[in-house]
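These notes concern the structure reproduced below.
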């Protein structure tokens, strides 16, 4: 009996409620065997904490709930961190690609919302982005779209990261237009 309690405690600890997940796609796949066809399901899930971390996973099983569970576990293991400006949008525009899928992402002013289609929208919602304009070009395959989106998000860099990499101060990195405006506002 104590053994079951330990397993249950471990399971409760592993299931982290701070992550939200979004089911993007379910495919019914079949395998033809001697007696007929055997059906299975493939699930694509995006997981994020809505504070700058996101990941995706895919799972296959004979039943839909099991496929979703496997995909969610894989997504939690493959999360990436993306720096967000003011916690609501991207720091700079980005391009990503995977296979024939290409995506273009642009920062947006406050109040714009998420202007993106299908699987890209799920990634941005789970990431916690509130304002972004994105366009998918090429492949409409959800797997390729998500991978291309994450490819573009991996190259996002905050001014602090750029300054650290170049051995400068954040003020030196920011555009010359922004620095005097901030100084004039402080004076």
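The values are calculated or read from the model by the stated rules, or taken from the named source; none is laboratory data. Please read all numbers here as calculations on a predicted model, not as lab measurements. Cβ: placed from backbone, ideal geometry, glycine included. Neighbour counts: every protein chain shown.
Restrict the check to the range 98-105 and report whether at least one residue is surrounded by fewer than 16 Cβ atoms within 10 Å (Cβ to Cβ) and in contact with a helix residue (DSSP H, G or I) (Cβ under 6 Å, 6 or more places away or on another chain). Within the range 98-105, one or more residues are surrounded by fewer than 16 Cβ atoms within 10 Å (Cβ to Cβ) and in contact with a helix residue (DSSP H, G or I) (Cβ under 6 Å, 6 or more places away or on another chain). Residues in the range 53-73 that are surrounded by fewer than 18 Cβ atoms within 10 Å (Cβ to Cβ) and under 29 Å from residue 154 (Cα atoms) were compared, and the one that is nearest to the chain's Cα centre (by Cα) is 73. Applying the criterion of being at pLDDT 90 or above and outside any loop (DSSP other than H, G, I, E, B) to the residues of the range 74-88, the residue that is surrounded by the fewest Cβ atoms within 10 Å (Cβ to Cβ) is 77.
Among the residues of the range 116-147, those that are part of a helix (DSSP H, G or I) and within 14 Å of residue 20 (Cβ to Cβ) comprise 121, 122, 123, 124, 125, 126, 127.
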